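Visitor: Have a look at the structure that comes next, please.
The values are calculated or read from the model by the stated rules, or taken from the named source; none is laboratory data. Note that the structure is a prediction, hence the values are computed from the model and not measured. With ideal geometry, Cβ positions are generated from the backbone for all residues, glycine too; neighbour counts draw on all protein chains shown. Just so you know, the surface numbers come from the protein's heavy atoms only, side chains and all, with ligands and any DNA or RNA stripped out. Shrake-Rupley method; radii C 1.70, N 1.55, O 1.52, S 1.80 Å.
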Amino acid sequence: MTERAGRRRAGRESGGREGRREARANAVVETTPFIERKIPYLEYLTEENLQLIEDNADILLEEIGIDFLDDPEALEMWKEAGADVQGSRVHFPKGLCRSLIQATAPREYVQHARNPARNVIIGGKRTVLVPAYGSPFVHDIDKGRRYATINDFENFVKLAYMAPDIHHSGGTICEPVDLPVNKRHFDMVYTHFKLSDKPLMGSVTHHERAQDTVDMAKLVFGEEFVDQNCVLTSLINVNSPMTYDATMLGSLKVYARNNQATVISPFILAGAMSPVTTAGTVTQILAEALAGIAFTQLCRPGAPVVFGTFAAAVSMATGAPTFGTPEPSQVMYAAASLARRLGVPFRSGGGLCGSKLPDAQAAYEAANTLQTSALAGVNFMLHTAGWLEGGLAMGYEKFIMDSDQASMIAVLLGGMDMSENGQALDAVREVGPGKHYLGSAHTLKNFETAFYRSTVADNNSYEQWTADGSLDTAQRANIIWKKMLNEYQAPALDSAIDEALLDFMARRKGSFADRDY
């Protein structure tokens, strides 16, 4: 071996690998506000199958109807629109809901962030990845499972802000149970505005809390801007089967009338809250969604709205929800096609799992759901990162693992490089038969960006893995989230806006007593 070759080899063995790893770790990560889809949708059902489901949903709407509970105003609005209202039950003439939706509901909409570079387009061939939502517990491998606090909430907003392929700050990423139920929405909305400049979701647990969210957004964006533009997306869950309750209707009306987006989501555990078959479940989902989406257009024609689904299967042995199984994937594929036919954006999916730990079950169940979501054509992917224990817990390590999957989704949906460089004919001409490509000019030109490099997976040799501490995926993710929080820097927020938000919160909090409901 020559002296020069020996120096090259020594450099590769000692500092080369570490130098490249350090360079990648310190590189500025480019972020994109959303994914532009460049591949076809996976169409699971035929045209005839989809038409049959639509026809059956019309039968449910007309013959059985949907309950709108404890909201006389909503019932009166439906009566004026031509529906048959009997008590709290609304029966819809065939085609009424669809005609209301297709007359005014936008096919896509822009949700503005306080940083315009972070604006997202929801609908069309775009995918927006959003953190998990609503967990009362958090989990990490150091402290285990515990009730979430406002500190945990702030941590996850920071992590979502720093994650390059999480496009949205989300909403109730976890429930800060150390704050009063009737006042915690102020702190959550403020945290999103203060610690992130990505778009956010609004509170829906009471119509007054929804209005507080809108009022806080007006302080950030301006009253006229909010009236004419979407700055909030909110989650309105149907109380399946086939019921809208007063809480959800109250928040729906606030957001829709303020021209803010609502995600109308039947919340279904199939076999308990819908028929035990996937076709029957999809039919019920469509009927429930049509009624809610149409109602948003009665509140304000043109208000942005999303067709949502959350469908898990129920174990027929235990009654527990299950995730990552084939049947919810079938539901998602079918519902995505129905949303496109209806002409509105679609929400579903995420890193769903039933596991209590960031383990193999959590990984494969989440990966199954995330990939189905990507192939189906989900536009607003709630629960992308952090979901554990059927949604009861928000996991720190799971958030990092799912964020890695989110980055893979971006590559998958970006399609195949068919440029001259992607075709690589020059490389094949250079190398020819019987040789390898490792030293070719094309490889040297492309090796830094060729193939996705996971942030949490270990692909080293057994010996190198052992030398690095024999860490499993969760342990590596634990190191990553702590490093991210340690390096977090808040985006700038105008001091006058910050003071206005704090003053609004103080005045509103002081105007009523704390309650735990």
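Visitor: How would region 301-434 be classified by its alpha-carbon gyration tensor: rounded, prolate or oblate, with rounded meaning a/c under 1.5 and the a/b versus b/c comparison settling the rest?
Guide: Taking the square roots of the gyration eigenvalues as a ≥ b ≥ c, region 301-434 is oblate.
Visitor: Towards the positive end of the charge dipole of region 310-438, with charges on Cβ (+1 Lys, Arg; -1 Asp, Glu), say which of Val411, Ala311, Gly422 has the farthest Cα.
Guide: In region 310-438, that residue is Ala311.
Visitor: So how do 502-510, 229-237, 72-80 stack up, highest first, on mean other-Cβ count within 10 Å?
Guide: Values: 502-510: 13.2, 229-237: 24.4, 72-80: 15.1.
Result, highest mean first: 229-237, 72-80, 502-510.
Visitor: Under a cut-off of 27 Å between alpha-carbon atoms, report the lysines in cross-link reach of Lys435, not counting same-chain residues fewer than 8 places apart.
Guide: Lys445
Visitor: Same structure again: Roll a 1.4 Å probe over the protein chains and send me the accessible area per residue for the chain in Å².
Guide: On the way: 23020 Å² over 517 residues.
In whole numbers, the chain has 45 Å² accessible per residue.
Visitor: Using the alpha-carbon atoms, what tilt in degrees (0 to 90, nearest 10) does helix 207-221 show relative to the longest principal axis of the chain?
Guide: 50
Visitor: As I understand it, the value is the acute angle between the Cα axis of helix 278-299 and the longest principal axis of the Cα atoms of the chain; what does it come to in degrees, rounded to 10?
Guide: 70
Visitor: At 0.36 nm per residue, and after removing the present C-alpha to C-alpha distance, how many nm does the segment from Ala320 to Tyr364 gain when stretched out fully? All intermediate terms of the calculation are to be shown ahead of the outcome.
Guide: Values: separation 44, 0.36 × 44 = 15.84 nm, distance 1.84 nm.
Additional length available on full extension: 14.0 nm.
Visitor: Roll a 1.4 angstrom probe over the protein heavy atoms and tell me the percent of accessible area of region 388-517 that is carbon or sulfur. Each step should come with its number before you reach the end.
Guide: Working: 4690 of 8120 Å².
Ligands and nucleic acids excluded, carbon and sulfur reach 58 percent.
Visitor: Just list whichever of Lys198/Lys509; Lys143/Lys509; Lys143/Lys356; Lys183/Lys398; Lys143/Lys398 have alpha carbons separated by over 20 Å in the model shown. Could the numbers behind the result be given before it?
Guide: Values: Lys198/Lys509 26 Å; Lys143/Lys509 32 Å; Lys143/Lys356 14 Å; Lys183/Lys398 28 Å; Lys143/Lys398 14 Å.
Beyond 20 Å between Cα atoms: Lys198/Lys509; Lys143/Lys509; Lys183/Lys398.
Visitor: Another question, if that's okay. So, with +1 on the Cβ of K and R and -1 on the Cβ of D and E, and no other charges, what is the size of the charge dipole of the chain about its Cα centre, to the nearest 20 debye? Intermediate values should be presented prior to the final figure.
Guide: Details: 49 positive and 62 negative charges, 301 e Å.
Roughly 1440 debye, rounded to the nearest 20.
Visitor: To continue, here is another question. On full extension of the chain, what length is gained from Glu47 through Lys94, given 0.36 nm per residue of separation minus the C-alpha to C-alpha distance?
Guide: Numbers: separation 47, 0.36 × 47 = 16.92 nm, distance 1.98 nm.
Fully extending the segment from Glu47 to Lys94 adds 14.9 nm.
Visitor: Also: Between Ile141 and Ile497, with labels modelled 7 Å along Cα→Cβ, what's the label distance in nm to one decimal, could you check?
Guide: 3.8
Visitor: Put +1 on the Cβ of every Lys and Arg and -1 on every Asp and Glu Cβ in the chain; which of Pro241, Leu493, Ala103 then has its Cα farthest towards the positive end of the dipole?
Guide: Leu493
Visitor: First measure r as the distance between the Cβ atoms of Asp245 and Met418, then evaluate 1/(1 + (r/R0)^6) with R0 = 35 Å and state the FRET efficiency to the nearest 0.05.
Guide: Values: r = 50 Å, r/R0 = 1.44.
After rounding, the FRET efficiency stands at 0.10.
Visitor: Let me ask something else about it. Which of these values of P(r) over Cα pairs in 20 Å bins from 0, in percent was calculated from the structure shown: (1) 17, 46, 29, 7, 2, 0; (2) 23, 58, 19, 0; (3) 22, 53, 22, 4, 0?
Guide: (3)
Visitor: Given the chain, what percent of its DSSP beta bridges are antiparallel, to the nearest 5? Don't jump to the answer; show the numbers that get you there.
Guide: Numbers: 19 of 47 bridges.
Of all bridge pairs located within the chain, approximately 40 percent are antiparallel.
Visitor: If r is the Cβ-Cβ distance from Glu63 to Leu392 and R0 is 35 Å, what FRET efficiency results, to the nearest 0.05? Mind showing how you got there, number by number?
Guide: Values: r = 37 Å, r/R0 = 1.05.
Using R0 = 35 Å, I get an efficiency of 0.45.
Visitor: Once amide H atoms are built 1.01 Å from N in the peptide plane, which residues 5 or more positions from Ala313, or in another chain, come under 5 Å H to H?
Guide: Sorted by chain and number, the residues that satisfy this are Ala270, Thr322.
Visitor: Once you list every other residue whose beta carbon is under 14 Å from the beta carbon of Gln86, what net charge do they have if Lys and Arg are +1 and Asp and Glu are -1?
Guide: Values: positive: Lys79, Arg89; negative: Glu62, Glu63, Asp67, Glu76, Asp84.
Here the charged neighbours net out to -3.
Visitor: As I understand it, the value is the acute angle between the Cα axis of helix 360-376 and the longest principal axis of the Cα atoms of the chain; what does it come to in degrees, rounded to 10?
Guide: Tilt relative to the chain: about 70 degrees.
Visitor: Hey, what number do you get for the chain at 222 nm if only DSSP H runs of n ≥ 4 count, each worth -39500 (n - 2.57), divided across all residues, to the nearest 500?
Guide: Details: 20 runs with 237 residues, N = 517.
Roughly -14000 deg cm²/dmol at 222 nm, from the helical runs in the chain.
Visitor: Apply 1/(1 + (r/R0)^6) to the Cβ-Cβ distance of Tyr190 and Tyr452, taking R0 = 41 Å, and write down the FRET efficiency to the nearest 0.05.
Guide: Numbers: r = 36 Å, r/R0 = 0.88.
Efficiency at R0 = 41 Å is approximately 0.70.
Visitor: Same structure again: Using the Cα atoms of region 249-321 to build a convex hull, what is its mean projected area in square nanometres? If you can, show how the numbers build up before the last one.
Guide: Numbers: hull surface 19.4 nm².
Across all orientations, region 249-321 yields a mean hull projection of 4.9 nm².
Visitor: For a protection proxy built on the mean count of beta-carbon atoms within 10 angstrom, sort 305-316, 363-374, 396-407 highest first, please.
Guide: Working: 305-316: 24.2, 363-374: 22.3, 396-407: 26.9.
The peptides rank, most packed first, as 396-407, 305-316, 363-374.
Visitor: Can you tell me which aspartates and glutamates have their Cα less than 13 Å from the Cα of Lys38? Leave out same-chain residues fewer than eight positions away.
Guide: The reachable aspartates and glutamates, counting only those whose Cα sits under 13 Å from Lys38, are Asp417.
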